[in-house]
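The structure appears below as structure tokens.
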Amino acid sequence: MSRVVLHLDMNAYFASVEQKANPALRGRPVAVVGDLKRRSIVLTASYEARAFGVKTGNLYWDARRLCHGLIPVVGDPRKYVAQTREIVRVLEDYSDQVEVASIDEGYLDVTGSLKLFKTDGLGVARRLQARIKDELGLPCSVGAAPNKLLAKLASGLRKPMGLYEIRPEDVAGLLAELPVEELCGIGPRLKESLNRLGIRTCGQLGAAPLDLLQAEFGFWGYWMRRWGRGEDESPVRRSTELEAVKSVGHSTTLPQDTSDPEVVRSFMLLLAEKVGVRLRRGGLMGRTVSASCRYDDFRGFSKSRTLDEPLCDGPALCGVALDILHEMRPERPLRQLGVCVSSLVLQESPPFLLEHLEKGRLAAQAMDEVNEEFGRGTLKRAGVLEAERFGVLEAPSLFRMP
């Protein structure tokens with residue numbers, strides 16, 4: 001029996017929570033923003049606002065020009081975190097394998113729950129969607145599929161309030177003509193590169209010669225061909241509710257133990273960049289930075305530092321993490337490194353007091369926009385190149401907001 005994985009995607013999450021809290025906002029165009037007293041961006045737009053072309057990432061005043069009746073609401077991170085806790089409690093009623101990917105999406109492996117609920121994957125998805133709507137008053141889309149890659153694809157095919165199942169016997173037929181850009185991780189830039197190779201559909205990507213893809217895309221060519229075939233064995237990782245909503249972190253096991261400061265610095269920047277991207281995509285920043293390391297005997301050390309100003313850009317996070325690592329004074333070559341950010345607050349609130357931090361945040365947001373438009377990894381900091389040359393042991397994460 002193949003696995004049955006569900007992907008839950010909360011629709012226009014922050015805006016939906018605000019509309020639930022204030023009935024006067026229901027059915028009206030709403031934009032959740034960080035701060036109205038200065039330049040601000042739209043963190044989430046309701047579907048009523050999206051009908052006018054308002055998108056996440058728009059400057060608020062640009063969004064007002066698109067939708068004159070747009071209602072701004074300053075975001076309340078405590079409210080969203082509390083609501084996410086309630087959603088997680090519902091998810092855990094359907095499976096003990098729940099992975100919270102971000103504040104507004106998660107995965108469930110319900111393979112072992114089907115007999116209990118006496119239904120199939122789509123049936124569990126339908127119950128889950130109805131319960132979240134009835135009990136919590138929030139819209140969501142749910143996809144059911146044999147793995148996480150396809151479940152995420154399925155949840156996006158019928159938004160909002162979508163419900164879609166991709167069965168194992170349907171995978172080849174669905175992917176055969178599906179445009180490659182529908183797959184998570186393939187943006188316009190990668191699409192153009194694939195099109196130049198004559199690859200326009202997922203079916204063509206999955207059938208492409210591996211040497212052709214690796215010659216063009218290097219290491220990513222292997223994974224891209226697997227995506228084109230709908231292959232993904234990554235497990236649904238059990239993650240606790242508090243870890244999911246209170247901190248954002250990444251760690252990696254090095255291909256070989258090292259004491260080289262340049263290699264360590266490059267890997268710490270790579271990890272900090274991943275954490276920064278996830279924070280910004282979630283509309284979050286953090287005041288507490290933690291760094292961790294392990295030796296070859298798996299003895300581990302970690303230390304944290306709480307800052308006056310919240311951060312969300314990679315270089316700033318990396319600088320703090322490296323300072324912490326220096327304070328720990330590792331005595332042996334390192335096997336594993338990690339960076340984690342907690343004490344989370346909503347992005348843009350409160351405002352930065354230091355100009356160089358504001359510039360760093362804006363530069364990071366510009367990089368996010370380029371990579372979102374042209375494909376992951378199109379624009380990256382030169383400091384991560386040493387880590388890439390040294391080798392990245394872990395497989396690329398598809399769904400952890402890379």
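No value in this document is a laboratory result; all are computed from the given coordinates. Since this is a predicted model, take the numbers as computed values, not measurements. When we count neighbours, we look across all protein chains shown, and the Cβ atoms used for this are built from the backbone with ideal geometry, even at glycine.
Things worth noting here:
- Student exercise, the range 210-279 dipole from Lys, Arg, Asp, Glu Cβ charges, in Debye to nearest 20: 300 debye
- Highest mean first, the peptides 126-138, 306-318 sorted by other C-beta atoms within 10 Å per residue fall in the order 306-318, 126-138.
- Charging the Cβ of each Asp and Glu at -1 and of each Lys and Arg at +1, and nothing else, the dipole of the range 175-228 about its Cα centre rounds to 60 debye.
- Virtual spin-label span in nm between ARG226 and LYS115, 7 Å along Cα→Cβ: 3.0 nm
- Based on alpha-carbon atoms, the Kirkwood radius and the radius of gyration of the range 271-312 give Rg/Rh equal to 1.09.
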